[in-house]
Every structure is written in C-alpha cells, then in structure tokens.
Amino acid sequence: MPLASLSRISKTFDNGVAALSGMDLRVEAGEFVSLLGPSGCGKSTALRLIAGLLKPDAGEIAFPGGKPETGFVFQEPTLMPWRKALDNVRLPLELKGVARGVAEARSRTALERVGLKGFEKSYPRELSGGMKMRVSIARAIAAAPKLLLMDEPFAALDELTRQSLNDDLLKLWREDGLTVIFVTHSVFESTYLSSRVVVMTPRPGRVAAEIALPAPDNRDAHYRLSPEFSANAAKVSAALREAMA
C-alpha cells in the first residue's frame, strides 16, 4: 500500500498553461523520491498538489493509509523577518495549538538537529542563505512529519553548502523514518539523495522514467567520487536526455 498515489493527474492554470497531463506516481513509505525534469515541466505543481495547496483538474490523489502529517520546504526559506529563528520554527506549532512550552522545546531540538544550536535568538537578516534554509528545514521537521515535501530547497546555495545540507537531510531522513519527495534540476543531487529518481517530460509533465537506486544509507563524500555514483548519474542523465527528446 503506497503512502501517496497520483493517478492520471492533469492540471491547467487559468492562464492556459498545461502543467501536468496524465501523471501517475506511487510513493512508498520510507522512500526518498526525487522529481527531476526541465524547468516548467510541472515538478513543483505536482508537489503542491500532493500537499493540498492546489487541486487537480482531473485524476485522483490518494493516501491509502490516511493523509500523513506533512512538512513543506520551499525554494526560498520564507521566514518572517521580524521573528527570531526559534520563533520562526515554532510558528506552525503555535498555529496547531501546541502548548507554548512544548512547542518551544520541540523547536529548540529541531534547530539543534540542523546544526543551529546557539542561533535561536538570531533574526533572518543575521543568517547566511544556508543557515536560513536550515531554519526552514527545522520548521518543517519540528511538527514530526511523516512526509516531507521539498521544492528545490538548495538551488540558490553554493556547492559546498549544498553538499553539506544534502548530507544533513539524509541524516534526518534516516533518523526520523521520513518519506521525502524532493524537486530538483540537478542530476547529481537527485542521484546522491534518492532511492528513486522520477524523470518527467517537458510541459505538460508526466512521468517518463523511474530509476531505482541503492538505498542512500551510507552516502558521503567518498560516494560522490566513486565509480558507482558516476555510473548511476550517467544512467539518470541518459533518462533525462531521452525524456527531453
């Protein structure tokens, strides 16, 4: 039984842009799935449909075991500039009515887990781009989600920061037993992070290929330089080229 299932999903926006057409996708609990494809192919639209931020024009989105607690990390950190890091992380818990003491403790723990212990009282303007994204991730995991949706969260970061956050994300995925659906333009990032890469066609998007990879349990800097990683990246790249052709 999948955690989430998309069947024949289509979505056209009011301006006439057909983002998705006939998209099918099944995501099992515990998977790390990357949606990979060219700009405008509907990856982000699919993510927002799964989150319930948009509704499909046709098709069905189902959660056979019931809709899980879901966290969403956007491409921009979307932090409130007048709230300190701890207060930004605590906000979704406040909206859920979680008691302040409990919410604050969970938010402190979440910040510590993303490497920001000691920055609880920092405002977003005092943080680097990578640190702001860590706050955004902490905000998403503070509510203990089972499903984590991530829309190109590291696209604007430098390569070293991006690699560090990739490693931290995999650690959270393992420790919390998360299911992650991750949108990216990067062949290398999708290959490094994923247990499965879903390659999408140009707009209107649909699934062109699915590449299963070994579970990302022990990936590190050595794996990035390994022949196995190069071979897997070549396989993903070839599937992307074919989808775009």
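The values are calculated or read from the model by the stated rules, or taken from the named source; none is laboratory data. Computed from a prediction, not measured in an experiment: that's the story for all the values here. Because the Cβ atoms are built from the backbone with ideal geometry, glycine has one as well, and the counts that use them run over all protein chains shown. To get the accessible areas, we keep the full protein, side chains included, count just its heavy atoms, and leave off ligands, DNA and RNA. Shrake-Rupley method; radii C 1.70, N 1.55, O 1.52, S 1.80 Å.
What the table below lists for this structure:
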read-out	value
Answer label, with Cα extents along the principal axes in Å calculated from the coordinates and candidates [x] 60, 49, 25; [y] 51, 43, 35; [z] 55, 39, 37	[y]
Per residue value of the accessible surface for region 1-120 (all protein chains in place, 1.4 Å probe), Å²	48 Å²
Estimated [θ] at 222 nm from DSSP helical runs (n ≥ 4, -39500 (n - 2.57)) normalised by residues in the chain, nearest 500	-12000 deg cm²/dmol
Nitroxide proxy distance, nm - points 7 Å out along Cα→Cβ at K117 and A234	4.4 nm
Point-charge dipole on Cβ atoms (K/R +1, D/E -1) for region 1-130, about Cα centre, debye to 20	380 debye
For A209, residues with placed amide H under 5 Å, excluding near neighbours	V199
Check: region 158-245 dipole with +1 on Lys, Arg Cβ and -1 on Asp, Glu Cβ, in debye	400 debye
P(r) weight above 14 Å for region 30-79, C-alpha pairs, percent	65 percent
Relative contact order [Cα under 8 Å, 6+ residues apart], region 180-223, whole percent	32 percent
Positive-end extreme of charge dipole, region 8-139 - chosen from L127, Q75, L95 (charges on Cβ)	L127
Length-normalised contact order of the chain in % [C-alpha pairs under 8 Å, at least 6 apart]	27 percent
Cα centre as origin, Lys/Arg/Asp/Glu Cβ charges: the chain dipole, Debye	520 debye
Length gained when the stretch L54-K96 is fully extended (0.36 nm per residue, less Cα-Cα span)	13.0 nm
Accessible-area composition of region 30-178, carbon plus sulfur, in percent [1.4 Å probe]	52 percent
Signed unit charges on C-beta, dipole axis of the chain, positive-most listed residue F154, F229, V33	F154
Over 30 Å between alpha carbons, listed pairs K55/K117; K132/K235; K43/K132; K43/K117; K43/K146	K55/K117; K132/K235; K43/K117
